[in-house]
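Visitor: Pasting in a structure now, in structure tokens, and then I'll have a few things to ask.
The values are calculated or read from the model by the stated rules, or taken from the named source; none is laboratory data. Remember, it's a predicted structure, so these values are computed and weren't measured experimentally. Note that we place each Cβ from the backbone using ideal geometry, even for glycine, and neighbour counts take in every protein chain shown.
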Ligand SMILES: [Zn+2]
């Protein structure tokens, strides 16, 4: 059987998180059934995505402008930095409306078995921010997994040299980083009940 355009699309779509072969097939047929302009718009957005969206040079989250709207917002509390694993965690926390400080995206967690060491993450940039800006608190918002705990412990150690408060969320972020799964009540309790470490 030869591979046609439909098979190629199904194969690409099934690489997305949470999308199996079956749903990829449904999506592909849906696109095929819809007006061709839909496929055109989808293709255009995908093709231009990496040109339009960059990482904020300050916090590392995805943005069209640099610095991002959060870092550029003078009405936010610039003395508190919430450290998260991934850019999508910023969105989850923003949705909860519980936090009015700034963020720092690590770009992953320390995982020696997968070859991810502190040097692969944006820990140096975080240290520079704490050093240069008048930061009084760093909130560690990584999830309570082995990698999350390892990373939090490492950050606690390296942040000791600064005279700042380091806290950790009482319970982790909603798993999946998807707004649909975000339990806002849990998240807001987690922020209010953050623990000094
Ligand atoms: Zn930013």
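Visitor: From the residues in the range 86-106 that are under 12 Å from the mean Cα position of the chain (by Cα) and at pLDDT 95 or above, which one is farthest from residue 192 (Cα to Cα)?
Guide: It comes out as 106.
Visitor: Take the range 75-100 and flag every residue that is within 13 Å of the ligand (Cβ to nearest atom), surrounded by fewer than 20 Cβ atoms within 10 Å (Cβ to Cβ) and within 21 Å of residue 132 (Cβ to Cβ).
Guide: 76, 78
Visitor: Restricting the search to the range 101-116, which residues are exposed (fewer than 15 other Cβ atoms within 10 Å of the Cβ) and assigned to a loop (DSSP other than H, G, I, E, B)?
Guide: Listed by number, the list holds a single entry, 115.
Visitor: Looking only at the range 63-74, which residues are within 11 Å of the ligand (Cβ to nearest atom) and farther than 22 Å from residue 191 by Cβ?
Guide: 63, 65, 66, 67, 72
Visitor: Exactly one of these conditions fails for residue 62: (1) surrounded by fewer than 21 Cβ atoms within 10 Å (Cβ to Cβ); (2) in contact (Cβ under 8 Å) with a residue 12 or more places away in the chain; (3) within 23 Å of residue 192 (Cβ to Cβ). Give me its number.
Guide: Tallying (1) surrounded by fewer than 21 Cβ atoms within 10 Å (Cβ to Cβ); (2) in contact (Cβ under 8 Å) with a residue 12 or more places away in the chain; (3) within 23 Å of residue 192 (Cβ to Cβ), residue 62 fails exactly one: (3).
Visitor: Of (1) within 12 Å of the ligand (Cβ to nearest atom); (2) under 18 Å from residue 159 (Cα atoms); (3) surrounded by fewer than 17 Cβ atoms within 10 Å (Cβ to Cβ), residue 119 satisfies all except one. Which?
Guide: Condition not satisfied by residue 119: (1).
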